[in-house]
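First the structure, in the form of structure tokens, and then the observations on it.
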Amino acid sequence: MGKSSGIGGQAVIEGVMMRNGERYSVAVRTPDGKIEVIEKDYGSSSKKYPILRLPLLRGVAAFVDSMRVGISTLTYSSSFYEEDEEEEDGLSKVAEKVFKDKAEKAITALSLVFAFVIAIGLFVFIPYAVSRAFSSKIDSTFALNSIEGLTRLLIFIVYVFLISRLKDIKRVFMYHGAEHKSINCIENGYPLTVENVRRASRFHKRCGTSFMFFVMIISIIIFIFIQTDYRWLNLLLRVILVPLVAGISYEILKFAGNHSGVFVNILSSPGLLMQRFTVNEPDDDMIEVAIAAVEQVFDWKTYLARQEEEVERLERLKKNREALVLASVSDDEDDDSELYTHDYTYSDDGMFSASDDFSDIEFVDLDDINSLSDIDDIFESDPDSEDPYMSVSEYVAVEDTEKSKKHYKNKKHKKR
């Protein structure tokens, strides 16, 4: 996968929400077959309160914001499919009467509270009660807390599996797939077309399903060490520590989404496995909706152009590696310095190998060179050359071999 685009979203009723920075869009396939698209300000908490940008705190803020916007967008998308638009439910009537023009925000807030209470009951109180049912037979607190954690994880897996069987939820999960595939299409460098999106993977490391799985695992690790003599205090501590669990889970998800490698793949694999239940293959109509949502808030053409430009630069560097000279010293008649030319060649293992004179120099891994600016940290380019990255300056200000060795041995390559 290529560089992260920074966009994300979620599935809604017959549609997709996409967020990019402080703006988000909602695209819905209406009953008459048209695509209705709106764009709004995200209103992130971290923008209002900069302290919420700190690690851990930003995870809590992001979770609350996603829940708030998620409920709002679900309400909006479902409005296209209300059987009787003239008839309002009781909650809407009460909210409009009490809160007037702020009724929508009030309903969203109440929905958040309701969702939080249900989640606490399902994933905190029930697992705790199940584990304590074994307290008469098991004395070990560690064992009881382990049972609690495994019960919580089992409830989550069973819950996800059961809702994935529901007909209406299956369609939501198909739109979830359209959301993932459109993001993967862009981040892998392909134009955002129905054909390209269809070929993209439906799984994504930054998915909310993966986040929830991390929440389950982190809660097991943290709660397993929490035990007091009072059951009410044990439960209270678990509720209080939910934001910490969410914050840690967010940081792990963020790390996994921005990195690659064996460790990251292992870390992400359980969440990606869970996505087999929550992310289904979409049809072309759903893909069109996802594309409309992306294009409303994200200029994917500019993004791809910049990515292509960077790829061309990297290819240019790789093509001319063998011609690069790391260091040579001037043999000027007026200078006591001797001429030491040390050509570096590119080897199959992706490293520059030094001549015998500089065999103790710390190697530079070429895979760490990600842009032209990185070369400036290692090579002295010729400013008079038409193509400064095709030739390297033949003059480096060192007085003798020992200084030259020391200079290059201590030179650290830092990624920018």
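The values are calculated or read from the model by the stated rules, or taken from the named source; none is laboratory data. The model shown is predicted, which means the values in this text are computed figures rather than measured ones. Counting neighbours? That spans all protein chains shown, and the Cβs are built from the backbone with ideal geometry, glycine included.
Descriptive notes on the structure:
- Unique match (being at pLDDT 90 or above and assigned by TED's automatic domain parsing to the domain that holds PHE211) among GLY43, GLY59: GLY59
- Subset tally (residues that are part of a helix (DSSP H, G or I) and either touching a Ser or Thr at 6+ places or on another chain (Cβ under 6 Å) or not aliphatic (A, V, I, L, M) (or both)) for region 48-80: 21
- Selection of first residues in region 278-299 that are farther than 17 Å from ILE7 by Cβ and in contact (Cβ under 8 Å) with a residue 40 or more places away in the chain and of second residues that are of a type in the set (Phe, Trp, Tyr) and buried (at least 21 other Cβ atoms within 10 Å of the Cβ), restricted to Cβ pairs under 6 Å at least 6 apart or on distinct chains, gives the following pairs, ordered by first then second residue: THR278/PHE173; ASN280/PHE173; MET286/TYR175.
- Number of positions in region 120-143 that are assigned to a helix (DSSP H, G or I) and loosely packed, with under 13 Cβ neighbours inside 10 Å: 2
- Residues satisfying the stated conditions in region 27-44, i.e. under 20 Å from the mean Cα position of the chain (by Cα) and either under 24 Å from ILE186 (Cβ atoms) or crowded, with 18+ Cβ neighbours inside 10 Å (or both): TYR42, SER44
- Verdict on LEU154 being touching a residue at least 60 places away in the same chain (Cβ under 8 Å) and either assigned to a helix (DSSP H, G or I) or crowded, with 21+ Cβ neighbours inside 10 Å (or both): no
- Of the helices (runs of 4 or more DSSP H) lying entirely inside region 240-304, the ones with 3 or more residues being farther than 30 Å from GLU36 by Cα and touching a Gly at 6+ places or on another chain (Cβ under 9 Å) are found at 242-258.
- Positions within region 227-240 being of a type outside the set (S, T, N, Q) and either loosely packed, with under 15 Cβ neighbours inside 10 Å or in contact with a His (Cβ under 8 Å, 6 or more places away or on another chain) (or both), in sequence order: ASP229, TYR230, ARG231, TRP232, LEU233, LEU236, VAL239, ILE240
- Among the candidates HIS204, HIS176, residue that is crowded, with 21+ Cβ neighbours inside 10 Å and under 14 Å from the mean Cα position of the chain (by Cα): HIS204
- Lone unmet requirement of (1) touching a residue at least 40 places away in the same chain (Cβ under 8 Å); (2) closer than 16 Å to ALA290 by Cα for PHE63: (2)
- All of SER210, SER146, SER182 fail the test of being more than 25 Å from the chain's Cα centre (by Cα), surrounded by 16 or more Cβ atoms within 10 Å (Cβ to Cβ) and either in a helix (DSSP H, G or I) or among the basic types (Lys, Arg) (or both), apart from SER146.
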